[in-house]
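The values are calculated or read from the model by the stated rules, or taken from the named source; none is laboratory data. Remember, it's a predicted structure, so these values are computed and weren't measured experimentally. As a convention, Cβ positions derive from the backbone with ideal geometry for all residues, glycine included, and neighbour counts pool all protein chains shown.
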Amino acid sequence: MASASSFILFILQACACRCNYPPYGRDFPGKVATGRFCNGKNPTDLIAEALGIKDIVPAYLKPDLQSDDLLTGVGFASGGSGIDPLTSSTLGVVAMSQQLQYFKDYIGKLTGVAGEEKAKAIIANSLVLMSAGNNDIGLSYTAGLRKLEYTFPAYCAQLVT
């Protein structure tokens, strides 16, 4: 007999984390699903727009990403990701460690486009937004995958160390 956590794990693996279909994107310019877990612009877009930087922050992995986009910011997020590697592997999404590697790669590309001094200035004056841990707690811990290994306080402590 399968446990509830095994069943939840099966459901998560079967559906994976995808949002590149309607109704996602219904309020996005062009009404297209962009692969973002929202129906329109996300907080990074709204902040960039309010600061007069750009209307939409493109994904770093966007196939048609332009060099100019590197100068004004890109996104590295992967919906469903987490700090705990188990979270990303369970959902089949880009792990936090890989997102950080993409950021390092971005710095190299930015330096190639802007030059070392300008790239350093861009990075030094950048606003970096991170949101992480919700999926770890909501899925990897609550679904029982990590409950057997950690108490809740110990799991949270493990996430921040």
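Within segment 148-161, residues that are touching a residue at least 24 places away in the same chain (Cβ under 8 Å) have Cβ atoms under 7 Å from residues that are part of a helix (DSSP H, G or I) and basic (Lys, Arg) in no pair, counting only partners at least 6 apart in sequence or on another chain.
Provide a single number: the residues in segment 130-161 that are part of a loop (DSSP other than H, G, I, E, B) and modelled with pLDDT of 90 or more. Break it down into steps so the answer makes sense when it comes.
Our first condition is that a residue be part of a loop (DSSP other than H, G, I, E, B); within segment 130-161, this holds for 130-133, 142-151, 161.
When the remaining residues are screened for being modelled with pLDDT of 90 or more, the result is 146-151.
Selection size over segment 130-161: 6.
Checked against (1) small (Gly, Ala, Ser); (2) within 15 Å of Ala77 (Cα to Cα); (3) touching a residue at least 24 places away in the same chain (Cβ under 8 Å), Ala95 meets all criteria but (3).
Considering only segment 102-122, how many residues are under 13 Å from the mean Cα position of the chain (by Cα) and either free of Cβ contacts under 8 Å to residues at least 12 places away in the same chain or over 19 Å from Thr44 (Cα atoms) (or both)? If you could, list the steps in order and put the result at the bottom.
Taking segment 102-122 and keeping what is under 13 Å from the mean Cα position of the chain (by Cα), we get 102-103.
Then drop every residue that is not either free of Cβ contacts under 8 Å to residues at least 12 places away in the same chain or over 19 Å from Thr44 (Cα atoms) (or both), which leaves none.
Total satisfying the criteria: 0.
When segment 120-129 is limited to residues that are in a helix (DSSP H, G or I) and among the β-branched types (Val, Ile, Thr), the one that is surrounded by the fewest Cβ atoms within 10 Å (Cβ to Cβ) turns out to be Ile123. As a summary of the residue check, Arg26 satisfies the conditions (1) crowded, with 17+ Cβ neighbours inside 10 Å; (2) at pLDDT 90 or above; (3) among the basic types (Lys, Arg) except for the one numbered (1).
Checking every residue in segment 31-49 against the condition of being acidic (Asp, Glu), at pLDDT 95 or above and out of contact with any Lys or Arg (no Cβ under 8 Å at 6 or more places or on another chain) gives zero matches. All told, Gly115 meets the bar of being on the phi > 0 side of the Ramachandran plot, surrounded by fewer than 18 Cβ atoms within 10 Å (Cβ to Cβ) and not acidic (Asp, Glu).
Quick check, is Val93 out of contact with any Phe, Trp or Tyr (no Cβ under 6 Å at 6 or more places or on another chain) and surrounded by 15 or more Cβ atoms within 10 Å (Cβ to Cβ)? Let's see the steps before the verdict.
On the way: out of contact with any Phe, Trp or Tyr (no Cβ under 6 Å at 6 or more places or on another chain): yes; surrounded by 15 or more Cβ atoms within 10 Å (Cβ to Cβ): yes.
Taking the combined requirement at face value, the residue satisfies it.
Just one of (1) without any contact (Cβ under 8 Å) to a residue 24 or more places away in the chain; (2) surrounded by 13 or more Cβ atoms within 10 Å (Cβ to Cβ); (3) over 15 Å from the mean Cα position of the chain (by Cα) fails for Gln66. It is (2).
Under 16 Å from Phe37 (Cβ atoms), without any contact (Cβ under 8 Å) to a residue 60 or more places away in the chain and among the polar types (S, T, N, Q): which single residue out of Asn125, Asn135 fits that description? Step through it out loud before you land on a result.
Details: Asn125 fails: under 16 Å from Phe37 (Cβ atoms).
On inspection, the qualifying residue turns out to be Asn135.
Restricted to helices (runs of 4 or more DSSP H) entirely inside segment 57-115, those with at least 2 residues that are under 16 Å from Ser131 (Cα atoms) and modelled with pLDDT under 95 are 85-91, 96-114.
State yes or no: is Leu139 among the hydrophobic types (A, V, I, L, M, F, W, C) and crowded, with 18+ Cβ neighbours inside 10 Å? Spelling it out, Leu139 is indeed among the hydrophobic types (A, V, I, L, M, F, W, C) and crowded, with 18+ Cβ neighbours inside 10 Å.
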